[in-house]
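See below for the structure under consideration.
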Amino acid sequence: VQLQACGGGLAQAGGSLRLSCAASGNMDNLDAMSWYRQAPGEQRELVASITPGGRTYYVDSVKGRFTISGDNAKNTVSLQMNSLKPDDTAVYYCHLHKLTGSTYWGQGTQVTVSS
């Protein structure tokens, strides 16, 4: 499985950005696709995830501001980020987890929010 992420960039506080990730390869036994982020000096954290059935999870700090969505037919996942805060500044990573336990990471994409 390969994950190709795009989007991100620079936004002002209160602004919006959208991240997208396309998966290719064997998608059997898909458990969930997710977005993680890692700020400088911090541990990587799970931001949001979505299952093929549409069940979602959000970390508390982004609830009500970020929306994760997936397209099973296209094997894509997107993260719409609204009301951005400087604390959202991080490198964001697309992630795929299979029921077999296999995990895959996309390349990181930088999100920078200025105050």
Sorted from largest down, what three extents in whole angstroms do the Cα atoms of the chain have along their principal axes? 42, 26, 22
Pop out the carbon and sulfur fraction of the accessible area of the chain as a percent, whole number, probe 1.4 Å. 46
Solvent exposure ordering (accessible area, 1.4 Å, most first) of Asp71, Asp87, Asp28: Asp87, Asp28, Asp71
Over the alpha carbons of region 38-83, what is the largest minus smallest coordinate on each principal axis, giving the biggest first in Å? 37, 20, 15
Scoring region 4-70 by relative contact order with C-alpha pairs under 8 Å, at least six apart, yields a percentage of 20
Per the beta carbon screen (other Cys under 4.7 Å), unpartnered cysteines of the chain come out as Cys6
When ligands, DNA and RNA are left out and all protein chains stay put, how many square angstrom of accessible area per residue does the chain have with a 1.4 Å probe? 52
Taking Lys and Arg as +1 and Asp and Glu as -1, residues besides Gln43 with C-beta under 15 Å from its C-beta add up to -1
So in the chain, what percent of DSSP beta bridges are antiparallel if you round to the nearest 5? 90
Heavy-atom accessible area of Ser115, protein chains in place, probe 1.4 angstrom, given in Å² to nearest 10, is 140
For Lys63, the aspartates and glutamates lying under 16 Å Cα to Cα, once residues fewer than eight places off in the same chain are dropped, come out as Glu45, Asp87, Asp88
I'd like the FRET efficiency for Arg65 and Thr100, computed as 1/(1 + (r/R0)^6) with the beta carbon distance as r and R0 of 35 Å, rounded to 0.05. 0.60
1/(1 + (r/R0)^6) with r = Cβ-Cβ of Gln4 and Gln38, R0 = 22 Å, i.e. FRET efficiency to nearest 0.05, evaluates to 0.75
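The values are calculated or read from the model by the stated rules, or taken from the named source; none is laboratory data. Remember, predicted model here, so these are calculated numbers, not experimental data. Because the Cβ atoms are built from the backbone with ideal geometry, glycine has one as well, and the counts that use them run over all protein chains shown. We work out accessible area using only protein heavy atoms, side chains counted, and drop any ligands, DNA or RNA first. Shrake-Rupley method; radii C 1.70, N 1.55, O 1.52, S 1.80 Å.
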